[in-house]
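> Sending over a structure as structure tokens; questions will come in a sec.
The values are calculated or read from the model by the stated rules, or taken from the named source; none is laboratory data. Computed from a predicted structure; not experimentally measured. For neighbour counting, all protein chains shown are included, and Cβ atoms are generated from backbone atoms with ideal geometry for every residue, glycine included. Accessible surface areas use protein heavy atoms only, side chains included; no ligands, DNA or RNA. Shrake-Rupley method; radii C 1.70, N 1.55, O 1.52, S 1.80 Å.
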Amino acid sequence: MGAMARSPLGLLLLLSLCSATALASYSYVESGEGGRSGSGRPYHFGEESFRHWSRSRQGRFRVLGRFTHELLEDAVGNYRVAELEAAPRAFLQPSHYDADEVMFVKEGEGVVVLLARGKRESFCVKEGDVLVIPAGAVVYSANTQQNKWFRVVMLLNPVSTKGRFEEFFPIGGESPESFFSVFSDDVLQAAFNTRREEWEQVFEKQSKGEITTASEEQIRELSKSCSRGGRHGGGESIWDIKPSSLTGKKPSHSNNHGRHYEITGDDCPQLRALDIEVGLANISRGSMMAPSYSTHANKVAIVLEGNGYFEMACPHLSSDSGRSSPRRREREHGSSREWGREEEEEGREEQEGGQTKSRGYKQVRSRISEGSVIVIPAGHPVTLVAGDDKNLAVLCFGVNAQHDEKEKVDRVIGAQSDAVFLRGPSSRRVASE
């Protein structure tokens with residue numbers, strides 16, 4: 001070895017090895033969360049992509065930015081992701097959204113009260129529950145626990161303006177402001193049979209912020225009246241709203257490397273009406289989900305716990321996508337929105353030696369941790385890999401889910417068993433040493 005290192009050939013080989021190692025190290029750094037090639041853009045969103053709508057000592061409500069990138073807009077551009085955190089004994093003021101909402105209880109227990117279609121229904125919800133709240137329903141809720149936070153993840157489907165939703169408060173002062181405040185005195189006096197000054201005084205007394213602290217009497221009354229739903233006789237209809245326990249179901253897939261739960265339109269009429277399904281993957285540390293893709297559903301995945309990374313094959317970010325052809329430059333400065341079709345036609349026109357170039361793919365990869373959001377378009381093979389220190393829990397909303405099927409890539413090539421969860425790359429390296 002020493003003689004080889006002293007020879008010109010040996011020195012050249014050694015320098016080549018060092019260069020390769022340096023490049024590999026650079027590539028690994030770049031593939032981290034902050035690096036360009038490993039940021040997962042435009043499919044991955046970190047904590048910095050959320051914006052707080054409300055924040056206080058009693059809790060916070062934050063919303064992920066819109067999916068406006070041209071590769072995401074058609075698939076999930078009308079959906080928004082939001083997270084709610086309420087401190088022990090916190091109370092959320094009555095309000096309604098101009099959006100349908102699918103909520104998942106990430107942690108804790110609480111009471112959710114709905115006022116819709118002339119009925120008042122109060123539901124006890126707990127960790128692992130899924131509840132659908134229709135647009136326009138007035139909702140107020142409270143954390144009934146003394147020492148534990150109440151945390152909720154939600155997917156919202158706006159019904160008024162694409163990709164945008166608003167929260168409307170009937171009761172409020174300065175923060176939050178009541179939507180009644182913009183109506184004229186004549187209208188308010190006719191509606192409430194009282195002067196503006198009188199109902200404003202009542203509203204201001206009741207409102208001390210969007211998230212406040214409930215009294216023990218309020219907590220007792222709310223807890224006493226709530227139920228798990230299903231009190232109505234007859235068959236289920238779309239309006240028979242009640243919580244569904246996602247984690248209380250039998251796993252659709254389970255082994256030593258992980259468990260997968262799902263609720264579909266067959267389990268919940270409200271999800272069927274929205275064409276949405278909800279899944280939860282709990283991947284054991286050091287394990288992974290086998291590469292797979294959905295045939296029709298576009299997925300919005302939120303990391304609930306743990307860390308790891310994801311990899312996805314994307315044809316829209318091929319390795320030569322950095323080059324700008326005349327047609328692409330024209331498109332970038334023009335108003336054309338037919339990105340996918342023109343990109344495909346452009347790819348067919350590219351030739352080498354009289355042969356049409358094969359379609360290229362790029363690896364989309366990023367580290368993920370609690371709060372990360374990933375968009376997985378239909379047909380795109382993807383895998384999730386858990387870190388070595390703790391389990392990775394990922395909640396997944398599938399939209400356009402009615403005709404969806406899951407296809408495992410290894411089933412196509414016959415490379416593995418039918419297991420959905422497998423030993424991860426790091427575990428295999430340790431086992432082989």
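> For the subset of region 383-426 comprising residues that are more than 26 Å from VAL152 (Cα to Cα) and β-branched (Val, Ile, Thr), which member is modelled with the highest pLDDT?
The residue in question is VAL420.
> Moving on to the next point. Suppose we keep only residues that are farther than 30 Å from THR144 by Cβ, modelled with pLDDT of 90 or more and surrounded by 14 or more Cβ atoms within 10 Å (Cβ to Cβ) within region 11-56. Which one would you say is farthest from the chain's Cα centre (by Cα)? So that I can check it myself, show each step before the final result.
Residues of region 11-56 that are farther than 30 Å from THR144 by Cβ, as a first pass: 11-46, 48-49.
Subset that is modelled with pLDDT of 90 or more: 42-46, 48-49.
Filter once more, so that each one left must be surrounded by 14 or more Cβ atoms within 10 Å (Cβ to Cβ): 42-46, 49.
Details: PRO42: 14, TYR43: 11, HIS44: 10, PHE45: 10, GLY46: 11, SER49: 12 Å.
Among them, the one singled out is PRO42.
> When region 135-193 is examined, which residues are found to be aromatic (Phe, Trp, Tyr), part of a strand (DSSP E or B) and open to solvent by less than 20 Å² (accessible area, probe 1.4 Å)? Spell out the reasoning first.
Initially, region 135-193 is screened for residues aromatic (Phe, Trp, Tyr), giving 140, 149-150, 165, 168-169, 179-180, 183, 192.
Cutting the leftovers down to part of a strand (DSSP E or B) gives us 140, 150, 168.
Across region 135-193, the qualifying residue is only PHE150.
> Within region 263-299, which residues are out of contact with any His (no Cβ under 8 Å at 6 or more places or on another chain) and β-branched (Val, Ile, Thr)?
ILE263, THR264, ILE276, VAL278
> So, in region 57-71, exactly how many residues are open to solvent by less than 50 Å² (accessible area, probe 1.4 Å) and in contact (Cβ under 8 Å) with a residue 60 or more places away in the chain? Quick ask: steps written out before the conclusion?
Of all residues in region 57-71, those open to solvent by less than 50 Å² (accessible area, probe 1.4 Å) come to 58-59, 61-65, 67, 71.
Then drop every residue that is not in contact (Cβ under 8 Å) with a residue 60 or more places away in the chain, which leaves 58-59, 61, 64, 67, 71.
The number of residues fulfilling the criteria is 6.
> Follow-up. Out of the residues in region 115-131 that are open to solvent by 10 Å² or more (accessible area, probe 1.4 Å) and over 13 Å from VAL152 (Cβ atoms), state the one that is nearest to the chain's Cα centre (by Cα).
Quick first cut of region 115-131, residues open to solvent by 10 Å² or more (accessible area, probe 1.4 Å) only: 115-121, 124, 126-127.
Narrowing the set further to residues that are over 13 Å from VAL152 (Cβ atoms) leaves 115-121, 124.
Values: LEU115: 27, ALA116: 26, ARG117: 29, GLY118: 32, LYS119: 30, ARG120: 29, GLU121: 27, CYS124: 24 Å.
Going through the qualifying residues, I end up with CYS124.
> Residues of region 287-296 being more than 14 Å from THR383 (Cβ to Cβ) and either basic (Lys, Arg) or at pLDDT 95 or above (or both), which ones? Write out each step before concluding.
Residues of region 287-296 more than 14 Å from THR383 (Cβ to Cβ): 295-296.
Correct list: empty.
> I've got another one for you. So which pairs qualify, if the first residue must be in region 269-297 and within 12 Å of GLY424 (Cα to Cα), the second must be of a type in the set (D, E, K, R) and part of a strand (DSSP E or B), the Cβ gap must be under 7 Å, and the two must be at least 6 apart or on different chains?
Within 7 Å, the pairs are SER287/ARG423; ALA290/LYS408.
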